[in-house]
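Each remark here refers to the structure printed beneath this line.
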Amino acid sequence: MSWQQRIQQAIQQRKEDNLWRQRINVASPQGARIILEGQSLLNFSSNDYLGLAQQSESLMVAAKTWGMGSGASHLVCGHSQAHQQLEQALAHSVGYPRALLFANGYMANLAVLQTLLNRQDHLYQDKLNHASLIDGGLISSCKMRRYRHNDSTHLAYFLEQEKMLSSLSLVATDAVFSMDGDQANLSELADICQQHEALLMVDDAHGFGVLGNGEYTGSIAEQNLSSKQVPIYMGTLGKGLGGYGAFVAGSEDLIEYLIQFARPYIYTTALPAALASAMQDNLAIVMSGERQKVLASNITYFRQQARYLELNIMPSSTAIQPLLIGDDAKAVAISQQLKPLGILVTAIRPPTVAKGSARLRITLTASHTEQDIDHLLTALVTLLMLNKGGD
Ligand SMILES: *Cc1c(COP(=O)(O)O)cnc(C)c1O
């Protein structure tokens, strides 16, 4: 088979499987409403949970000071005071000794797992972990096992079975699962890790900035845990913080180790300093806690109304509120039919989620109003009725 045949066949197969993906071309900043093909759509698809992606003031001000590019990697001359200050503010915001900035969450996850784990080590991951954690495990060439979703007993069984003197174990989990919206039981995982001397890493892409306990932000704080119980924390700046970038928080030693040895940290250009500076402003907005209150009230309202309308919303108390459809084609059809009604909700299909569990991934933000939510729910009820046949 030639390269061309292989590529064309794969594309053809993708289409036949109803898994063909197409990008949309948005003509406005992110927000509760976005412009698409000249039409204004109510947007229930973004991860801009606190409605911060639109705000441009701090970036414009910072660009005046720092210009556009960072010009080099962190270890050469790309690391500025703006990066340094943001790292300190991030560490402080989650209650950790130190933090290290990365280009994005994908690279941060690759960096941690690839750098820490040797070939003989064991990595345990929740079955529904984000692809970047899975890929990090693969490139580290360690021994990787995936335990059943949110099943601590299954994890404990693996750890017990594979106890070995010559190897170290690491357990990695999403704190909020990105396609389901449910949360890991972090204190249970922390206890099991402590018992088995395994290192616990938490990916809080959807919790950082959004969840918290008033003093600190993120899932660790929300679940009343400390940085000792969760030694490795990964948070991203592209979701709740409305910008771009990511960080790993941990002990002084862990962060120093990553600076010395993490290839995805060392061999890449630093984030623009202006962006780092703007992210610090967004962090300050987030830490005031006001936007989280609006989001929380939207989530409560959505779930109340959806229950009343008997919609099959998956169990979740976070901003991610998926409507389970099951059939791939039907999920895509409903997503398509929502557009003429002025609503954007993305259909999520395998391989992103398990076969037979295609869903509409509804995300709520602090920018939505109850009226927006009513509009969405009314449209969903109508379209579910229309698409009833063929199950
Ligand atoms: C989005 C996401 C990432 C990747 O973060 P980026 O900064 O977008 O690269 C990692 N983990 C989880 C759970 C995510 O949802």
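The values are calculated or read from the model by the stated rules, or taken from the named source; none is laboratory data. Predicted model only: the values in this text are computed from it and were never measured. Here the Cβ is made from the backbone with ideal geometry for all residues, glycine too, and neighbour counts use every protein chain on show. With ligands, DNA and RNA removed, areas are computed over all heavy atoms of the protein, side chains included. Shrake-Rupley method; radii C 1.70, N 1.55, O 1.52, S 1.80 Å.
Which residues, taken from segment 295-313, are touching a strand residue (DSSP E or B) at 6+ places or on another chain (Cβ under 9 Å) and open to solvent by 30 Å² or more (accessible area, probe 1.4 Å)?
Answer for segment 295-313, where residues must be touching a strand residue (DSSP E or B) at 6+ places or on another chain (Cβ under 9 Å) and open to solvent by 30 Å² or more (accessible area, probe 1.4 Å): Arg303, Arg307, Asn312.
Sort through Asn224, Asn213 and tell me the only one that's more than 16 Å from the ligand (Cβ to nearest atom) and under 19 Å from Ala366 (Cβ atoms).
Checking each option against the conditions leaves just Asn213.
Within 16 Å of the ligand (Cβ to nearest atom) and either closer than 22 Å to Met60 by Cβ or touching a strand residue (DSSP E or B) at 6+ places or on another chain (Cβ under 7 Å) (or both): which single residue out of Leu241, Leu258 fits that description?
The conditions single out Leu241.
Count, please, the residues in segment 279-317 that happen to be touching a residue at least 40 places away in the same chain (Cβ under 8 Å) and assigned to a loop (DSSP other than H, G, I, E, B).
Qualifying residue count for the region: 7.
Which pairs do you get when a residue that is open to solvent by 10 Å² or more (accessible area, probe 1.4 Å) and more than 11 Å from the ligand (Cβ to nearest atom), found in segment 102-129, comes within reach of a residue that is acidic (Asp, Glu) and modelled with pLDDT of 95 or more, reach meaning Cβ atoms under 9 angstrom, with the pair 6+ apart or on two chains?
Partner pairs satisfying both residue conditions: Lys127/Asp151.
Any chance you could count how many residues in segment 138-191 are outside any strand (DSSP E or B), within 16 Å of the ligand (Cβ to nearest atom) and under 13 Å from Leu123 (Cα atoms)?
Qualifying residue count for the region: 2.
Is one or more of the residues making up segment 159-168 under 20 Å from the mean Cα position of the chain (by Cα) and open to solvent by less than 20 Å² (accessible area, probe 1.4 Å)?
Looking for residues that are under 20 Å from the mean Cα position of the chain (by Cα) and open to solvent by less than 20 Å² (accessible area, probe 1.4 Å), one finds none in segment 159-168, hence no.
Which members of segment 205-222 meet the condition of being under 16 Å from Ile285 (Cα atoms) and not in a loop (DSSP other than H, G, I, E, B)?
Gly212, Thr217
Quick one: how many residues across segment 227-257 are more than 20 Å from Leu186 (Cα to Cα), outside any helix (DSSP H, G or I) and open to solvent by 10 Å² or more (accessible area, probe 1.4 Å)?
Result for segment 227-257: 5.
Closer than 22 Å to Ala156 by Cα, in contact (Cβ under 8 Å) with a residue 24 or more places away in the chain and part of a helix (DSSP H, G or I), is that true of Gln194?
Criteria met by Gln194.
Any chance you could count how many residues in segment 318-330 are part of a loop (DSSP other than H, G, I, E, B) and either free of Cβ contacts under 8 Å to residues at least 12 places away in the same chain or of a type outside the set (D, E, K, R) (or both)?
2
Among the residues of segment 180-192, are any outside the structural domain of Ser316 (by the TED database), surrounded by fewer than 20 Cβ atoms within 10 Å (Cβ to Cβ) and within 29 Å of Ala347 (Cα to Cα)?
Yes: one or more hits.
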